[in-house]
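The values are calculated or read from the model by the stated rules, or taken from the named source; none is laboratory data. The structure presented is a predicted model; accordingly, all values stated were derived computationally and were not measured. FYI the Cβ positions are ideal-geometry reconstructions off the backbone, even for glycines, and counts take in every protein chain you see.
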């Protein structure tokens with residue numbers, strides 16, 4: 001890909017900071033299902049989904065790993081544009097990470113300089129390619145304009161709080177959440193509601209909780225996590241287990257006390273784990289949003305009595321083990337500068 005839009009790159013004296021600039025404001029994510037094929041124009045961002053500003057990138061070679069993670073907003077429409085894209089992508093760039101110039105900046109950066117910009121009406125452009133509709137991802141999940149999310153593959157739906165962002169992390173490991181909902185950033189921390197669906201494979205809920213506790217025990221023994229309360233219960237004819245915990249993390253000499261609420265629901269042959277994570281001091285501010293998510297949560301499976309799972313109204317959360325990893329990752333990522341080649 002090629003990337004531009006950094007106002008700092010107007011000044012060669014700031015070359016060491018190129019790739020870190022923005023317009024002084026950010027734009028909320030508008031992720032969609034358009035594939036990142038050659039010629040697609042999309043917004044650059046940091047780890048925060050809502051951190052896009054003035055930087056953008058144009059795909060040179062198909063990069064589908066970016067799909068649904070960045071905001072596609074345009075594409076090239078003339079052959080001349082594709083020729084220029086090829087020319088820019090073929091420029092020799094810096095590779096020495098120890099040099100005074102960031103990697104991947106053209107050695108002769110003047111060859112990639114934008115000298116002027118003119119906005120034209122489509123009718124003013126000749127030789128437009130017949131590209132048809134942009135290619136889109138065939139997905140099992142749907143998010144409508146009202147924030148209603150449904151996924152036929154993993155079998156559940158919910159309504160996301162207004163202003164929160166839904167993401168589907170790449171499933172690199174079985175314990176990675178299937179869906180996460182990111183809240184607003186407050187005091188350098190982002191609240192998270194995560195969803196994880198696992199096949200029980202004949203394991204009872206009791207044994208599943210026991211296995212989870214064994215995985216957490218080293219963190220508990222090290223004093224990084226404290227179980228505040230837990231109980232077995234029933235929710236809409238389902239067996240469930242509720243856990244509340246908190247843990248401390250130190251990043252860049254700053255201490256974060258993070259609180260979690262978790263519920264694991266056994267639904268026939270699956271475990272549905274939902275987790276709410278936030279700083280302890282801000283935990284109660286997100287409870288109402290979390291309750292609303294639980295209230296709207298539904299699964300497509302039915303319990304033995306034939307009653308569908310609907311309207312969970314308990315003030316509970318899920319996936320403490322996953323939440324620890326999610327929270328720590330978000331905290332580390334948010335402290336990094338905007339390095340364009342670390343974004344993709």
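All of 257, 227, 263, 166 fail the test of being in contact (Cβ under 8 Å) with a residue 12 or more places away in the chain and within 17 Å of the chain's Cα centre (by Cα), apart from 166.
The listed residues are 200, 229, 204, 177, and the only one of them that is under 19 Å from residue 294 (Cβ atoms), surrounded by fewer than 17 Cβ atoms within 10 Å (Cβ to Cβ) and modelled with pLDDT of 90 or more turns out to be 229. The residues on offer are 55, 17, and the sole one that is without any contact (Cβ under 8 Å) to a residue 12 or more places away in the chain and under 30 Å from residue 186 (Cβ atoms) is 17.
Cβ separations smaller than 6 Å between residues 6+ apart or across chains give the following pairs from the range 127-155 residues that are at pLDDT below 85 to residues that are loosely packed, with under 12 Cβ neighbours inside 10 Å: 140/153.
Please tell me if residue 100 is surrounded by fewer than 15 Cβ atoms within 10 Å (Cβ to Cβ) and in a loop (DSSP other than H, G, I, E, B). The answer is yes for residue 100.
Determine, yes or no, whether residue 257 is part of a strand (DSSP E or B) and at pLDDT 90 or above. When the stated conditions are applied, residue 257 passes them. Going through (1) in a loop (DSSP other than H, G, I, E, B); (2) in contact (Cβ under 8 Å) with a residue 12 or more places away in the chain; (3) assigned by TED's automatic domain parsing to the domain that holds residue 299 one by one, residue 184 falls short only on (1). Considering only residues that are touching a helix residue (DSSP H, G or I) at 6+ places or on another chain (Cβ under 8 Å) and farther than 19 Å from residue 287 by Cα, look in the range 241-261 and name the one that is surrounded by the most Cβ atoms within 10 Å (Cβ to Cβ). Here the residue is 249. Tell me which of these residue 42 doesn't satisfy, since it passes every other one: (1) in contact (Cβ under 8 Å) with a residue 60 or more places away in the chain; (2) outside any loop (DSSP other than H, G, I, E, B). Residue 42 satisfies every listed condition except (1).
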